[in-house]
There are 2 protein chains.
Amino acid sequence: MEWELIGSGAALLTMFGFVPQIIKIRKTKSVEDVSLFMLIQFAFGMLLWLLYGIHIQDPILIIANAVSFISLTIAIGLFFKYRENKI
Amino acid sequence: MEWELIGSGAALLTMFGFVPQIIKIRKTKSVEDVSLFMLIQFAFGMLLWLLYGIHIQDPILIIANAVSFISLTIAIGLFFKYRENKI
C-alpha cells in the first residue's frame, strides 16, 4: 500500500514536471536560458514511452507520458513564441 | 525486437534529458529563465521512482532514475552557483 503511494507520487511529480517551467515562461515571457534541445529530447523520449506503453498496454505509462508529451508540446510552443520576442 | 529498441530509445532519451540543459547552463552561466521548481520537482519525482524501482527490483527503473537523479543534482547545484552571480 505505501509502495503504491510512492509509485503514484513519483508518477504525478514527473508527469507534471514541466508545468513549473511553463508557468515561469508564461510569467517572464523569456526563454533565453531554457534549452530547446532539452525540451525536444524529452518530447521525443516521452513520445517513444507513449508508443511503448500502448504496445505493452500499460495504462499508467500511457497516461503519464501522454500528459508529459502534451505539456512539452506547450513548452516548445511557448519557447518559439517568446524566442521571437528577442529577435 | 523493434519494441525493445523503442523502449530503450525512450529510456535513453529521458534518462539523459537534462544533459542539454546542464550543458547550456555551463556555457551561458545563466539560469534566470530556468525554473528551480521544475528541477526540484523532477529530482524528488525521480528519487521516488528510484525507491520504487529498488522495491520492485527493476534494474531499468533503478539505472534510469539513478542517472536522472544525479543529473538533476548537478543541474540544481549549477542553478545555485550561477544564480549567485546575478545577486
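Just need a number here: residues in the range B:35-60 that are closer than 20 Å to A:L72 by Cβ, free of Cβ contacts under 8 Å to residues at least 12 places away in the same chain and open to solvent by less than 90 Å² (accessible area, probe 1.4 Å). I'd like the intermediate steps shown before the answer.
As a first pass, look at the range B:35-60 and keep what is closer than 20 Å to A:L72 by Cβ: B:35-46, B:49.
Remaining after also requiring free of Cβ contacts under 8 Å to residues at least 12 places away in the same chain: B:35, B:37-38, B:41, B:44-45.
Narrowing the set further to residues that are open to solvent by less than 90 Å² (accessible area, probe 1.4 Å) leaves B:35, B:38, B:41, B:45.
Going through the range B:35-60 one residue at a time, the tally reaches 4.
Would you check if B:I25 is in contact with a Leu (Cβ under 7 Å, 6 or more places away or on another chain) and β-branched (V, I, T)?
Working: in contact with a Leu (Cβ under 7 Å, 6 or more places away or on another chain): yes; β-branched (V, I, T): yes.
Yes; evaluated as a whole, the condition is true for this residue.
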Subject >> Every pair of residues 6+ apart whose Cβ atoms lie under 7 Å, when the first sits in the range B:1-24 and is facing chain A (nearest Cβ under 7 Å) while the second is open to solvent by 20 Å² or more (accessible area, probe 1.4 Å) and among the hydroxyl-bearing types (S, T, Y) >> reply: B:W3/A:Y52; B:I6/A:Y52; B:G7/A:Y52; B:A10/A:Y52
Original post:
In the list B:I63, B:I76, which residue meets the criterion of being open to solvent by 80 Å² or more (accessible area, probe 1.4 Å), among the β-branched types (V, I, T) and assigned to a helix (DSSP H, G or I)?
Top reply: B:I63
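Can you tell which of A:G17, A:G7 is crowded, with 17+ Cβ neighbours inside 10 Å and under 17 Å from the mean Cα position of the chain (by Cα)? If you could, list the steps in order and put the result at the bottom.
Details: A:G7 fails: under 17 Å from the mean Cα position of the chain (by Cα).
Exactly one of A:G17, A:G7 is crowded, with 17+ Cβ neighbours inside 10 Å and under 17 Å from the mean Cα position of the chain (by Cα), namely A:G17.
The values are calculated or read from the model by the stated rules, or taken from the named source; none is laboratory data. This one's a predicted model, so the numbers in the text were calculated from it and none came from an experiment. Every residue, glycine as well, gets a Cβ built from its backbone with ideal geometry; the counts of neighbours run over all protein chains shown. All accessible areas refer to the heavy atoms of the entire protein, side chains included, with ligands and DNA or RNA removed. Shrake-Rupley method; radii C 1.70, N 1.55, O 1.52, S 1.80 Å.
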